[in-house]
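Here the structure comes first, spelled out in structure tokens, and everything after it is commentary.
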Amino acid sequence: MTRILLIPGLVCDGHVWRAVQHALQGHEVSVADVTHQPGISAMAQDLLARHSGDLVVMGHSMGGRVAMEMARIAPARLHGLALLNTGMAPLREGELPKREQIIAFAHQQGMAALADAWLPGMMAQGIDPDPAVMAGLRAMVCRMTPEIHERQIRALIERPDARHSMPDWRGPLMLMTGREDVWSPIGAHEEIARLCPQAQLEIIDGAGHFAPVEQPAKVAGLLAEWVSQLPHLRTEASI
């Protein structure tokens, strides 16, 4: 039986995947825990060990980087890869000081202050966010700790350069991002698509970096349709 594994991003949990989980009813779906491992490769190796057998892997933001690393380590076990609001490049020039500042901010001010400072810039700009959406995301961030935040930020600082491995991925690939995502923009996903010509690229209007929460019905519907077309899962459904 092929299972679907949903990997959250930085200081995120299953809240981000709620609509997708609902749309995938009838499949065996799990949400990954990436709060305790020390790096992207360690996250990938741990998830492969904890979730045995064949997998379809979906990753959001940092979770997309973990998914790409899983595809590098164990491509034969993955029967589909969906990457949402993510990218594959390593640490950029000038990125490290900003990462260090946000680590210090979370330790000094706490996770509620981090949520208030960080989340607005993640949303589609020029659109008034739904207060309920913002409240749900804020509650999610507040379920995390400054220690988890630092561990995940440092994992991102030391992230692998997936540009070397993604050309080797020949399986089904869904790429998705918000049209207004300034953190993982359309160009980052087009770069992956150039290396993987089999990719399906979807741009979600009215969404920023949290497309699965900002436009849940659209994102969940596209992913459910993509899953329904995966050859491995179609074969299992007919048994």
statement: Subset of the range 20-41, residues without any contact (Cβ under 8 Å) to a residue 60 or more places away in the chain and either under 24 Å from ARG143 (Cα atoms) or of a type in the set (S, T, N, Q) (or both), comes to GLN21, GLN25, VAL29, SER30, VAL31, ALA32, ASP33
- request: From (1) exposed (fewer than 13 other Cβ atoms within 10 Å of the Cβ); (2) within 20 Å of ASP181 (Cβ to Cβ), pick out the condition that doesn't hold for ALA135.
  value: (2)
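If I go through the range 18-35 residue by residue, how many of them are assigned to a helix (DSSP H, G or I), among the polar types (S, T, N, Q) and more than 17 Å from the chain's Cα centre (by Cα)?
Residues meeting the conditions: 0.
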Cross-chain or 6+ apart pairs with Cβ under 7 Å, the range 122-142 first and within 13 Å of HIS15 (Cα to Cα), then at pLDDT 95 or above and part of a loop (DSSP other than H, G, I, E, B): LEU137/PHE210; MET140/CYS12; MET140/ASP13; VAL141/VAL11
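Got a number for residues in the range 204-219 being crowded, with 24+ Cβ neighbours inside 10 Å and either β-branched (Val, Ile, Thr) or assigned to a strand (DSSP E or B) (or both)?
Of the residues in the range 204-219, 2 are crowded, with 24+ Cβ neighbours inside 10 Å and either β-branched (Val, Ile, Thr) or assigned to a strand (DSSP E or B) (or both).
Return the residues of the range 53-103 that are of a type in the set (A, V, I, L, M), more than 28 Å from GLN21 (Cα to Cα) and part of a helix (DSSP H, G or I); say none if nothing qualifies.
LEU96, ILE102, ILE103
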field: Candidate set from the range 34-83 (those that are in contact with a His (Cβ under 7 Å, 6 or more places away or on another chain) and of a type outside the set (A, V, I, L, M, F, W, C)); member that is farthest from GLY208 (Cα to Cα)
entry: ASP54
statement: Note: among ARG65, ARG92, just one is charged (D, E, K, R) and touching a Leu at 6+ places or on another chain (Cβ under 8 Å), namely ARG65
query: Which one of the conditions (1) crowded, with 20+ Cβ neighbours inside 10 Å; (2) farther than 30 Å from ARG194 by Cα; (3) touching an Asp or Glu at 6+ places or on another chain (Cβ under 6 Å) does VAL141 fail to meet, given that it meets all the rest?
result: (3)
- prompt: Checking ILE73 against (1) surrounded by fewer than 18 Cβ atoms within 10 Å (Cβ to Cβ); (2) touching a strand residue (DSSP E or B) at 6+ places or on another chain (Cβ under 6 Å); (3) under 23 Å from ILE192 (Cβ atoms), which test does it fail?
  reply: (2)
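The values are calculated or read from the model by the stated rules, or taken from the named source; none is laboratory data. No experiment lies behind these values; they were computed from the predicted model shown. Because the Cβ atoms are built from the backbone with ideal geometry, glycine has one as well, and the counts that use them run over all protein chains shown.
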